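K.L.:
So that we are looking at the same thing, I have put the structure below in structure tokens.
A short reminder: the numbers here are calculations on the coordinates, not readings from a lab. The structure displayed is predicted, hence computed values, not measured ones. FYI the Cβ positions are ideal-geometry reconstructions off the backbone, even for glycines, and counts take in every protein chain you see.
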Amino acid sequence: MPLTPSYLRSRELLATPLEQIRGVGPRILEKLRRLGLSTVEDALYTLPFRYEDRRQIRKIAELRNGLREVFCGEILASGEAVTPRSRKKIFEVIVGDGSGRLSLKWFHYRKEWMTKRFSVGQKAVFIGEVKFFGPMREVHHPDVEPLGEGGGGCDPASADPLSFGRILPIYPLTEGLNQKGVRKIWKDLVDRFAPVAVSPIPPRFLGARRLIPLGEALQQVHWPDGQTSLEDLEAGRDSARRTLVYDEFFFLELGLALKRRGIVLEKGIPFQVTHRYTKPLAELLPYRLTDAQRRVLGEIKRDLMAPHPMHRLLQGDVGSGKTIVALMSALLAIENETQVAVVAPTEILVDQHFLQFAHWLSALGLKAAVLKGSTTAKARRQTLEDIRSGAVNLVVGTHAVLQEGVEFKRLGLGIIDEQHRFGVRQRGVLRHKGEGPHILVMTATPIPRTLSLTLYGDLALSVIDQLPPGRTPVETRIIEEKNRSQAYALIDRELAAGRQAYVVYPLVEDSEKSDLKAASEGAEFLQKTIFAGRVVGLLHGRMKSDEKEGVMAAFNRGEIDVLVSTTVIEVGVDVPNATVMMIEHGERFGLAQLHQLRGRVGRGAEKSYCLLMRSLQCSAEGSRRLQVMTETNDGFRIAEADLEIRGPGEFLGTRQSGVPDFRVANLLRDGRILEEAREDAFSVAQNPEFLRGDDFADLRQALQDRWGNRLELASIG
Ligand code: ADP
Ligand code: MG
């Protein structure tokens, strides 16, 4: 399949090693290497992180107070001085340009170097914030660019074009490389190589999205012409940068689109909707489904009836009622003589799901089983046999369900709850436990749309954007350590009204005291002193599975008033009578975790409270997180704030989260472009010729060039 000569040439030239570039000596090469740059392409994509407007050089007499200005002048005097008041040494340089004079000051410097650099008579350009002190004008720590001998002086028309008369790029390289030197190398590279850069994205898209050809964009982003304002450049709104971002996103989305297409082309099990179990269940339920649940269920049904496997992400805030949607979907699968696997990340959550699923299934004359790491060998053998023979309609379990040896008679639907706790690979494992089973993954971590498009871009998305009726929003308060008694008073009041409370301890990082110890000491303290007349329970991750079950069940039945725990209760636990969530050292938790924890209360019609304890050592960032919690109950808003505070890399905790590293794009800033690129890429991938046609050869090659195997991360395996 032939590539077009222009794309071939572009690939070849951009891959040129930097050592073959004139002007890049071994010393600089070594530095560039350390920055991870080895080819021309690496360098072209090392973009200015800001720009400086040097179109106008001001006369010293016309400088304005408080602004960053560019001016040019001759050094009239220079030397070390002592400040009159604090008697500190400074280095001072007096500069004049005929219109006036001004003093440059350095408070940190190396004297020898400064003396050599600022000799009387030397001309230079200076950039810095001008300060007026009465009649005195000063600039502290200016940027200085000396002008060479006979370099045209300060006349912008004849000055060095690498330094003046235009908007200049400032590169993110420092350490022994000066801006001027870097600028010169980059200018040569850009002049020579940017014009040959070609992106095979169909030109019709560029027109529609107001973008420019790639080569032009690379030139403009390094050396903007006079058309673009400094403001637009700094905000990344200029057409050059938008083009590069679009280009990057386009190929990512093209990869995701192909994956999605791969799934869609697979053979699945088309279900029929018989209502045999779903209708009776709807009649048994003590409530009506919300409109959002109904809509989402409709989307799922449509997928299940298609001849290809469903691959859908169900997103819904904590408490939005995802479980019942999962149950309804499961019944559809069972109506079609297939089995269902439900996978959840923790044993507590598995137990809870099992209770619920088993309850409704047995009411319908169906059979559910549970499979956990702690299941005894004997019970496990029996369960595996029941799954294999088809005696069991649905199995709920932890990772244990994904292990080898768990074989289904006919798996029709796999459900993964709290997807964000799993790697992406589990989806693939589940898929291979049947012949094209439908897959539904659920998450309560509301992922900002831009992030979910990159992370789960190969999944169809359903959102439950409505809570069941009758919930009052949880009231959230930050409580200082010294006001601790207020928290206890509030809990006491709720307990007196017949409600229950959680007290959660964070993971302790330093090994002096484990979170387990903190929690068990906390429980003991509360039981002996504050809540002596009540039942205080303890739950932590190192308890045996049946102990945990016992404690949760007792709390569920209302036999425990205050449940002290480590973060094991974070996900999915559902006890509507609990109305207080007290979180010790609230500042040590991430926003997503705090939101999950708070989601454990506010599940009934009663008013609920979330008390965030803040200790004295709380950092500014910690405080900001707590503040966000008091400002909103909306998981999406919280997720956006989280993404802003932490950035996408850390947002999901691990590097394996599947968020690719972008060279140019920024998920926070470029969401709109991502959506445009996605729409266009998906329309290309839908073309039946895409995988074979000669017209698409460049696009296919570019996809390989840009992302190669890195896209595997987001893959469904
Ligand atoms: P999540 O989406 O966090 O998994 P759950 O499925 O655990 O939420 O549901 C939270 C609570 O809301 C449960 O107690 C559930 O019984 C209840 N619930 C779910 N749907 C409705 C509804 N339509 N009307 C009233 N309560 C509902
Ligand atoms: Mg849930």
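K.L.:
If I model a spin label at E30 and R9 as a point 7 Å from the Cα along the Cα→Cβ vector, what separation in nanometres do I get?
P.N.:
In this crude label model, E30 to R9 measures out at 3.7 nm.
K.L.:
I need the Debye-formula profile for segment 240-371: one equal scatterer per C-alpha, no solvent, reported as log10 I(q)/I(0) at q = 0.19, 0.21 1/Å, two decimals.
P.N.:
-1.18, -1.35
K.L.:
For the chain, give the magnitude of the charge dipole about the Cα centre (Cβ charges: +1 Lys/Arg, -1 Asp/Glu; no others), in debye to the nearest 20. Write down the numbers at each step before the final one.
P.N.:
Details: 99 positive and 92 negative charges, 98 e Å.
About 460 debye.
K.L.:
In addition: Where a Cα-Cα gap under 24 Å defines reach, which lysines qualify for K528, not counting those fewer than 8 residues away within the same chain?
P.N.:
K482, K513, K517, K548
K.L.:
In debye, nearest 20, what is the charge dipole magnitude of segment 475-632 about its Cα centre with +1 on Lys and Arg Cβ and -1 on Asp and Glu Cβ, if you could check? Could you put the intermediate results ahead of the total?
P.N.:
Numbers: 21 positive and 23 negative charges, 56 e Å.
Dipole about the Cα centre, nearest 20: 260 debye.
K.L.:
Hydropathy at least 1.6 by Kyte-Doolittle, axial extent at least 15 angstrom from the Cα trace: which helices of the chain, defined as entire DSSP H runs, fit? Each step should come with its number before you reach the end.
P.N.:
Numbers: long enough: 179-193 (20 Å, -0.87); 239-265 (37 Å, 0.43); 291-305 (21 Å, -0.79); 322-335 (20 Å, 1.64); 347-363 (24 Å, 0.42); 377-389 (18 Å, -1.35); 484-496 (19 Å, -0.32); 515-528 (20 Å, -0.51); 545-556 (16 Å, -0.55); 620-631 (16 Å, -0.81); 635-646 (16 Å, -0.06); 671-685 (21 Å, -0.23); 697-707 (16 Å, -1.15).
Within the chain the helices that satisfy the rule are 322-335.
K.L.:
Continuing with the same structure: If pairing requires two Cys Cβ atoms under 4.7 Å apart, which cysteines of the chain are left without a partner?
P.N.:
So, C610, C618.
K.L.:
Of the trypsin sites (Lys or Arg not before Pro) in segment 1-64, which ones lie in a loop per DSSP and count no more than 14 other C-beta atoms within 10 Å? Write down the numbers at each step before the final one.
P.N.:
On the way: sites: R9, R11, R22, R27, K31, R33, R34, R50, R54, R55, R58, K59, R64; in loops: R22, R54, R55, K59, R64.
Answer by residue number: R22, R55, K59, R64.
K.L.:
Here's another thing I want to ask about it. Just name one of L76, F132, Q122: the one whose Cα is farthest towards the positive end of the charge dipole of segment 56-165 (beta-carbon charges, Lys/Arg +1, Asp/Glu -1).
P.N.:
The listed residue farthest towards the positive side: F132.
K.L.:
Give me the one-decimal nm value for the distance between modelled label points at A532 and S38, 7 Å along each residue's Cα-to-Cβ direction.
P.N.:
Going by the 7 Å Cα→Cβ label model, 7.2 nm.
K.L.:
Lysine pairs in segment 1-155 with Cα distance under 23 Å, only those 8 or more apart or on different chains: how many are there?
P.N.:
Number of lysine pairs found: 16.
K.L.:
Would you please classify the overall shape of segment 475-632 from the alpha carbon gyration tensor, given that a ≥ b ≥ c denote the square roots of the eigenvalues, rounded means a/c under 1.5, and beyond that prolate means a/b larger than b/c while oblate covers the rest?
P.N.:
Rounded is the answer for segment 475-632, as its axis ratio a/c remains below 1.5.
K.L.:
Among all the aspartates and glutamates, which ones have a C-alpha under 17 Å from K372's C-alpha, if same-chain residues fewer than 8 places away are not counted?
P.N.:
Cα-Cα hits under 17 Å: E347, D351, E385, D386, E404, E407, D417, E418, D546, E547, E549.
K.L.:
Just tell me which aspartates and glutamates come within less than 16 Å, Cα to Cα, of K259; anything on the same chain fewer than 8 places away is out.
P.N.:
The qualifying aspartates and glutamates are D458, E679, D680, E689, E712.
K.L.:
Okay, moving on. Along the positive direction of the dipole of segment 278-464 (beta-carbon charges: Lys, Arg +1; Asp, Glu -1; about the Cα centre), which of L349, V325, A369 reaches farthest?
P.N.:
Projecting each Cα onto the dipole axis, the largest value belongs to A369.
K.L.:
May I pose another question? Please give the FRET efficiency for K279 paired with H141, using the beta carbon to beta carbon distance and R0 = 56 Å, rounded to the nearest 0.05.
P.N.:
Details: r = 76 Å, r/R0 = 1.35.
Efficiency for this residue pair is about 0.15.
K.L.:
Same structure, new question: Is the C-alpha gyration tensor of segment 169-326 telling us rounded, prolate or oblate? Criteria: a/c under 1.5 is rounded; beyond that, a/b larger than b/c is prolate, otherwise oblate.
P.N.:
prolate
K.L.:
Bin width 10 Å, origin at 0, all Cα-Cα pairs of the chain: what percent of pairs per bin?
P.N.:
3, 12, 18, 18, 17, 14, 10, 6, 2, 0
K.L.:
P(r) for segment 56-165, please, calculated from all Cα pair distances in 10 Å bins and given in %.
P.N.:
14, 48, 32, 5, 0
K.L.:
Also, I was wondering about something else. Return, ordered by residue number, the residues of segment 571-608 whose backbone nitrogen is under 15 Å from a label point located 7 Å along Cα→Cβ of Q627.
P.N.:
Residues 587 qualify, since their backbone N sits under 15 Å from the label point.
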